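Notes follow once the structure below has been shown.
Readers should treat all values here as calculations from the given coordinates under stated rules, not as data from a laboratory. Predicted, not measured: the structure shown is a model, and the values here were computed from it. Here the Cβ is made from the backbone with ideal geometry for all residues, glycine too, and neighbour counts use every protein chain on show.
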Amino acid sequence: MTKRYNVNRGYMKLDVWKESVELFHEVYVALKQIPDLDFRLRSQINDAIQSVSANIAEGYCRRTINEYLQYLNIALGSLGEGLTRLIGLTSVNLLSQEVFEIIDKKHYSVENKLVALVRSLQAKRRERTWEEEFRS
């Protein structure tokens, strides 16, 4: 990972962003172990899971709280999509229950942290304590 840092890269300090990158890694590696997995389905799952960290980053880099929340909600949607597809792979025995449990544990953590971040930002919006300046 990059060692360069500036204010606009502050999302890299967020545990939820770090864990979402780890989640992508776990999913990517797990899907590589399924040789008969349809290319399109593999791509859809990887794209959904990778978009979680990408949307957290993009939302963070926006200046308004409403935009930030919009991207976080997109990230939540991507989490749901990815998990649903992984459940499907498990149901047809392409993904083992053991591997699914490892992924689901990380997914659950990311999901809860993301929901907490959304709630925190919603409170800032409600209380009007959000500053549309670069955050450190």
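Arg119 to Glu67: FRET efficiency via 1/(1 + (r/R0)^6), r the Cβ-Cβ distance, R0 22 Å, to the nearest 0.05? About 0.80, to the nearest 0.05. Note on Lys124: lysines with a C-alpha under 22 Å away, same-chain residues under 8 apart excluded, are Lys13, Lys113.
Note on Val27, Val92: ascending count of other Cβ atoms within 10 Å places them as Val92, Val27, the fewest first.
With the simple model of a label 7 Å out from the Cα in the direction of the Cβ, Leu37 to Ser91 spans 1.8 nm.
In which sequence would Arg62, Arg119, Arg85 go, from the one with the fewest C-beta neighbours within 10 Å to the one with the most? Don't skip to the answer; put the middle values down first.
Working: Arg62 14, Arg119 10, Arg85 20.
Fewest to most other Cβ atoms nearby, the residues stand as Arg119, Arg62, Arg85.
Report, please, the projected area of the chain averaged over directions, based on the convex hull of its C-alpha atoms, in nm². Walk me through the numbers on the way to the answer.
Numbers: hull surface 33.8 nm².
Mean orientational projected area (the chain, Cα hull): 8.4 nm².
Charging the Cβ of each Asp and Glu at -1 and of each Lys and Arg at +1, and nothing else, the dipole of the chain about its Cα centre rounds to 580 debye. In plain terms, the residue of Phe24, Phe39 with the fewest other Cβ atoms within 10 Å comes first and the most crowded comes last, giving Phe39, Phe24. Largest mean-square fluctuation among Arg40, Arg63, Arg125, in a Gaussian network model of the chain whose springs join Cα atoms under 10 Å apart, belongs to Arg40.
FRET efficiency for Glu127 and Asn8, Cβ-Cβ distance as r, R0 = 25 Å, nearest 0.05? Calculated transfer efficiency: 0.50.
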